[in-house]
1. Could you say whether any residue in the range B:111-132 is within 11 Å of chain A (Cβ to nearest Cβ) and over 17 Å from A:Leu27 (Cβ atoms)?
2. Name every residue in the range B:30-51 that is of a type in the set (Ser, Thr, Tyr) and more than 7 Å from chain A (Cβ to nearest Cβ), in order of residue number.
3. Could you tell me which numbered condition B:Cys71 fails, if it satisfies all but one of (1) at pLDDT 75 or above; (2) surrounded by fewer than 10 Cβ atoms within 10 Å (Cβ to Cβ)?
4. Within the range A:93-111, count every residue that is surrounded by 16 or more Cβ atoms within 10 Å (Cβ to Cβ), among the hydrophobic types (A, V, I, L, M, F, W, C) and within 19 Å of A:Val60 (Cα to Cα).
5. Take the range B:100-121 and flag every residue that is of a type in the set (A, V, I, L, M), within 30 Å of B:Leu83 (Cβ to Cβ) and surrounded by 13 or more Cβ atoms within 10 Å (Cβ to Cβ).
Amino acid sequence: MNKIKIAPSTKSGSSHWLMQRFSAIALIPLTIWLTLSFVEILQDPQGYLPVFFAYPFNAVMGILLITTSLYHGSLGMRVIIEDYITNSFKIYFYIMLVNFTSILTAVASVIAILRLHLLS
Amino acid sequence: MIKKKKEQTGLKSNRPTSPHIQIYRWNISSLTSIFHRLSGVALYFSVILIAWFIVFYSTKINVGETETCDCLMMTVMRSIFTLAAIAITFSLYYHFCNGIRHLFWDMGKGFDLKIANRNAIIVIISALALTIISISSVVYLKLF
């Protein structure tokens, strides 16, 4: 009789689920801010876009939006990778790739927004 | 068959994957669920692209300057970017609306089949309406 093998619990599934919901709730006001700021930008793109991040509120909301959406996205991509890829090595490889890309992008964009905030 | 596949992929465990989309008959609940995932992936990549655009935008010394070019490649790229922007806009609104529906599901509300299907139609229609409003306002502001 074959023994049924069950993958060992990593004890981190519930926090993954919970953090995905928390970041989703946090993204609701941030998305509304993005839409409203697009309305502002579109009235005068050439004049407003260069100084957009000079306003502290915009810089704060921009940094929060990019980091939160990348966090939410990396959690979501992890679920998709775990669902559709069977090879366990590939699963870990792609999850690592997604995490590294997200962290790299988040750090780079935070520094870029700070630079735009301070220079413009 | 399984053994052959095992050899091809070299996997150690023989655990099942989640059922793929081509097995099921199309209906509104599966359509919204699949498109939620698809739009999520699209938004993830577009957020990365936009973030790197901000990074490259910030490295320009004269931030206000814009380059103009009349070459063919620029026109092609611009139309591709316009199409991508419309797709991203729809994906964002759709993921936003359907995400709120998912949050209500997590609270244990709206599981009744009729209400779930009605909410799915509301989500699709509101996402389409928001997209049309956004694009038409952009076109309106550019024209006048």
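The values are calculated or read from the model by the stated rules, or taken from the named source; none is laboratory data. Everything numeric here is computed off the predicted structure, so don't read it as measured data. Quick reminder, even Gly has a Cβ in these numbers, built from the backbone with ideal geometry, and neighbours come from all protein chains shown.
1. Step one: of the range B:111-132, the residues within 11 Å of chain A (Cβ to nearest Cβ) are B:130.
So of that shortlist, the ones also over 17 Å from A:Leu27 (Cβ atoms) come out as none.
Among the residues of the range B:111-132, not one is within 11 Å of chain A (Cβ to nearest Cβ) and over 17 Å from A:Leu27 (Cβ atoms), which makes the answer no.
2. To start, the set of residues in the range B:30-51 that are of a type in the set (Ser, Thr, Tyr) comprises B:30, B:32-33, B:39, B:44, B:46.
Once the filter is applied, which keeps residues that are of a type in the set (Ser, Thr, Tyr) and more than 7 Å from chain A (Cβ to nearest Cβ), the range B:30-51 yields B:Ser30, B:Thr32, B:Ser33, B:Ser39, B:Ser46.
3. So the condition that B:Cys71 fails would be (1).
4. 3
5. Filtering the range B:100-121 for residues of a type in the set (A, V, I, L, M) gives B:100, B:103, B:107, B:113, B:115-116, B:120-121.
Now narrow it down to the ones that are within 30 Å of B:Leu83 (Cβ to Cβ): B:100, B:120-121.
Passing the criteria: B:Ile100, B:Ala120.
Here's the yes/no breakdown for (1) over 23 Å from A:Gly76 (Cβ atoms); (2) at pLDDT 90 or above; (3) of a type outside the set (Ser, Thr, Tyr):
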residue	(1), (2), (3)
B:Leu31	no, no, yes
B:Ser39	no, yes, no
B:Val47	no, yes, yes
B:Ala51	no, yes, yes
B:Phe56	yes, no, yes
B:Lys60	yes, no, yes
B:Val63	yes, no, yes
